[in-house]
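Let me begin by presenting the structure, written as structure tokens, before commenting on it.
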Amino acid sequence: VSLQFAINDKKGYVLIIDKPYTTFSEKQLKVIRKKLKKLFESDKKNIIWIMHNAQFDLSQVLTQLGVKWVYNTIYDTQLFIHLLDENLIVKKHDYSRLKDKAAEYFNFTLYEKEAIDARGEGNLLALPKDKFVTYAGMDAYVTYRLFMYLKAYAKEIGYWSKACKLLKYVYSPALKSFCKISLNGFYIDKKQLQWLLSSKSPILGRLEGIKQY
């Protein structure tokens with residue numbers, strides 16, 4: 001329904017490109033989608049994308065806008081959290097949810113309960129337009145703010161240089177590839193896969209050994 005952007009940690013910009021909220025004509029939407037496609041496919045070195053759970057956002061960009069490939073670096077704040085503490089004890093699957101981390105790290109609790117409940121129920125489009133836009137725009141600048149917090153903390157512990165390289169040269173290319181795979185599928189050798197999942201699997205055996213260690 002919308003794409004939301006932020007260039008700082010204070011304001012989000014929401015571009016509504018689909019029903020039920022869009023006010024653009026079909027002609028205008030055609031131009032907007034073309035420009036967005038060009039933006040995401042740009043290889044200009046001064047563009048860096050910051051996303052939270054980037055694989056989801058990236059899949060939407062590829063499918064909804066027809067983007068062939070996002071060439072610029074993507075910093076995923078969800079992966080950044082993992083980089084800073086790979087031994088994080090996961091008590092529930094949403095341990096790295098944007099809203100939870102914003103509240104935990106810098107006491108950001110301005111999301112409206114109505115919007116949070118609607119999001120949890122999968123009913124965001126049932127919200128009035130102004131509340132939908134507020135929620136969407138907030139997600140953009142909170143993600144930016146989360147990245148700046150993580151970056152500052154990484155610098156404080158002397159880890160930013162290494163984390164930056166891992167995010168840029170390992171995680172960014174990997175998540176782009178995994179996103180493509182999740183959308184397109186990939187060929188497998190069924191017999192080999194069954195063997196790798198069996199009790200004789202060298203991978204599973206090694207994992208068990210690591211756990212015991």
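A few comments on the model shown:
- Scope the range 154-184; condition among the aliphatic types (A, V, I, L, M), closer than 18 Å to residue 86 by Cα and part of a helix (DSSP H, G or I); matching residues: 154, 163, 166, 167, 170, 174, 175
- Among the conditions (1) part of a helix (DSSP H, G or I); (2) surrounded by 15 or more Cβ atoms within 10 Å (Cβ to Cβ); (3) touching a residue at least 24 places away in the same chain (Cβ under 8 Å); (4) not basic (Lys, Arg), residue 50 misses just one, which is (1).
- Checking residue 57 against (1) open to solvent by less than 50 Å² (accessible area, probe 1.4 Å); (2) without any contact (Cβ under 8 Å) to a residue 40 or more places away in the chain, the condition it does not meet: (1)
- Hey, residue 199 open to solvent by 40 Å² or more (accessible area, probe 1.4 Å), under 19 Å from residue 73 (Cα atoms) and of a type in the set (Ser, Thr, Tyr) or not: no
- Cβ pairs under 8 Å, 6+ apart, first in the range 120-131 and under 17 Å from residue 14 (Cα atoms), second modelled with pLDDT of 85 or more and open to solvent by 70 Å² or more (accessible area, probe 1.4 Å): 127/114; 131/112; 131/114
- Residue that is out of contact with any Ser or Thr (no Cβ under 8 Å at 6 or more places or on another chain), exposed (fewer than 10 other Cβ atoms within 10 Å of the Cβ) and either of a type outside the set (S, T, N, Q) or not in a helix (DSSP H, G or I) (or both), where the choices are 187, 149: 187
- Where residue 163 falls short, out of the listed (1) in contact (Cβ under 8 Å) with a residue 24 or more places away in the chain; (2) out of contact with any helix residue (DSSP H, G or I) (no Cβ under 6 Å at 6 or more places or on another chain); (3) under 24 Å from residue 152 (Cα atoms): (2)
- Flag if residue 204 is of a type in the set (A, V, I, L, M), free of Cβ contacts under 8 Å to residues at least 60 places away in the same chain, farther than 30 Å from residue 9 by Cβ and surrounded by 12 or more Cβ atoms within 10 Å (Cβ to Cβ): yes
- Residue identified as of a type outside the set (S, T, N, Q) and either assigned to a helix (DSSP H, G or I) or open to solvent by 60 Å² or more (accessible area, probe 1.4 Å) (or both) among 141, 75, 111: 141
The values are calculated or read from the model by the stated rules, or taken from the named source; none is laboratory data. The structure presented is a predicted model; accordingly, all values stated were derived computationally and were not measured. All Cβ positions, glycine included, derive from the backbone under ideal geometry; neighbour counts span all protein chains shown. All accessible areas refer to the heavy atoms of the entire protein, side chains included, with ligands and DNA or RNA removed. Shrake-Rupley method; radii C 1.70, N 1.55, O 1.52, S 1.80 Å.
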